[in-house]
1. State yes or no: is Ser364 under 30 Å from Ala316 (Cα atoms) and exposed (fewer than 15 other Cβ atoms within 10 Å of the Cβ)?
2. Inside region 246-282, can you point out the residues that are exposed (fewer than 13 other Cβ atoms within 10 Å of the Cβ), farther than 21 Å from Thr327 by Cβ and either at pLDDT below 90 or of a type in the set (Phe, Trp, Tyr) (or both)?
3. Within the group Val415, Val342, Val359, which residue is within 30 Å of Arg8 (Cα to Cα), out of contact with any Pro (no Cβ under 9 Å at 6 or more places or on another chain) and of a type outside the set (S, T, N, Q)?
4. Could you grab the pairs with beta carbons closer than 7 Å, sequence gap of 6+ or different chains, first residue in region 253-267 and in the same structural domain as Lys328 (by TED's automatic domain parsing) and on the phi > 0 side of the Ramachandran plot, second one surrounded by fewer than 17 Cβ atoms within 10 Å (Cβ to Cβ) and in a loop (DSSP other than H, G, I, E, B)?
5. Residue check, Pro332 against (1) modelled with pLDDT of 95 or more; (2) buried (at least 18 other Cβ atoms within 10 Å of the Cβ); (3) closer than 19 Å to Ile259 by Cα, all met but one. Which one?
6. Suppose we filter Pro216, Pro233 for residues that are loosely packed, with under 12 Cβ neighbours inside 10 Å, touching a residue at least 12 places away in the same chain (Cβ under 8 Å) and assigned to a loop (DSSP other than H, G, I, E, B); which single one remains?
7. Taking Leu406 and the conditions (1) in a helix (DSSP H, G or I); (2) of a type in the set (A, V, I, L, M, F, W, C); (3) under 16 Å from Arg237 (Cα atoms), which numbered condition does it fall short on, given that it satisfies the others?
Amino acid sequence: MNSEIKQRIEQIKNGEIPKGYKKGKLGIVPEDWEEVCFSSLFTSNSDYTDDLEKYPLYSLTIEDGITAKTDRYNRAHLVKKENSYKIVRPNDYAYNPMNIRFGAVARHKGDTPVAVSGYYDIFTTVHPSDLTFMDNFLTCGVMITYYNKVSTGSLVEKQRVHFSDFLKFSLPLPPLAERERIAKILSAQDKVIECYEKKIEQLKRMKKYYLQNMFPKRGETVPKIRFKGFTNPWEQRKLGEVFVEYSEKGHEELPPLTIIQGKGTILREESDRNLIYDKSGLKNYKLVNQDDFILHLRSFEGGLEMANTQGIVSPAYHIFHGNNSDTKFYYPFFRSKYFISVLLKPHVYGIRDGKSIDVEGMKSIYIPCPSIEEQNKIGDFFSELDNLITLHQRKLEEEKKKKKALQQLLLTGIVRVLS
């Protein structure tokens, strides 16, 4: 970033208008950016259907855009009349009038038409070359601010942006040629992000494959894949024999820990969750030592977690210490689909968020027990694989931050992309 751009950013931060810029509806923008009415940029595509066999039902989420319905987002049972679904064709946009204030607008990037809730508004760009630019512009920070400014409704939680008002927006935009050049830069960054996402998925598939093949199948005593030098059959022992439960309280001098599914524990003070608790109650919290396992409130869906450091946790949790066992070996096993869905499931009772685990029943589960040397080998292998996944996830987050920075600079005109 050159000194001229840095100076421009500093001026804007201080509320000054740099030379060649003006104050518009979206903030400070280049003087040559003219206001463009959205009715000249977008056109409505509101076709209804009740044929969910021909048009599969999709959701619109802020995180994933237009995505296939899951049980979590399935609201089909709430629809009370026919013809209540709208067709979304490839490259159509859908937005939720009530949630566009939070970024709920996205383009359908699939190859076939789908159906979404009839509550959504559907539109597409007049200029096909505008698609990538609008993917970024419609959800950027200044637009989120603008949606909140112009949304209507007597109750804040029900405020919305009607499509008729959306088409009346008249906002400063770069000329079409510059929009295309901006889109090209952001598209290149998207490809970098996509590469890291594909690599992470590849590594996760690899981990899943090895989990399925480096542990014996049900009723078997040897895995399909083994390290050289190991030939003995694996023992099967009860979980409660390999891991002993303990409950030790009165350690309020130790830091309280928070469970993060798939990541073990972190210091509660470092958690982004706004947890309020009575510090006088810490004397009743349970001690957990590093590398010990924790049976927590959501273990029925994510398996056991492992303590990354020594600390104290909620008295509602159960703590297990392994004797002559490698936690790096057992951690991926205790979080595997086989353990959660096959071995643990018979000991889960209750419904929905009221589910709990019968601890004594869990202790009776037979788990694999190879020699400690083989445990070490397998544990180190999965630990290195997890470290590689984490490394790529960090790089992915860095690239996503770069994209946000590019969006901030390019979509506001702080950095120009001129021919």
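1. yes
2. Glu269, Glu270, Asp272, Arg273, Asn274, Leu275, Ile276, Tyr277, Asp278, Lys279, Ser280, Gly281
3. Val415
4. Listed pairs, sorted by first residue: Gly264/Asn308.
5. (1)
6. Pro233
7. Condition (3) is where Leu406 drops out.
For (1) more than 26 Å from Leu138 (Cα to Cα); (2) over 34 Å from the mean Cα position of the chain (by Cα), each residue gets a yes or a no:
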position	(1), (2)
Lys191	no, no
Lys208	yes, no
Gly219	yes, yes
Lys224	yes, no
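The values are calculated or read from the model by the stated rules, or taken from the named source; none is laboratory data. Only a predicted model underlies this, so the values are computations on that prediction, with no experimental measurement involved. Here Cβ is always computed from backbone atoms with ideal geometry, including for glycine, and neighbour counts include all displayed protein chains.
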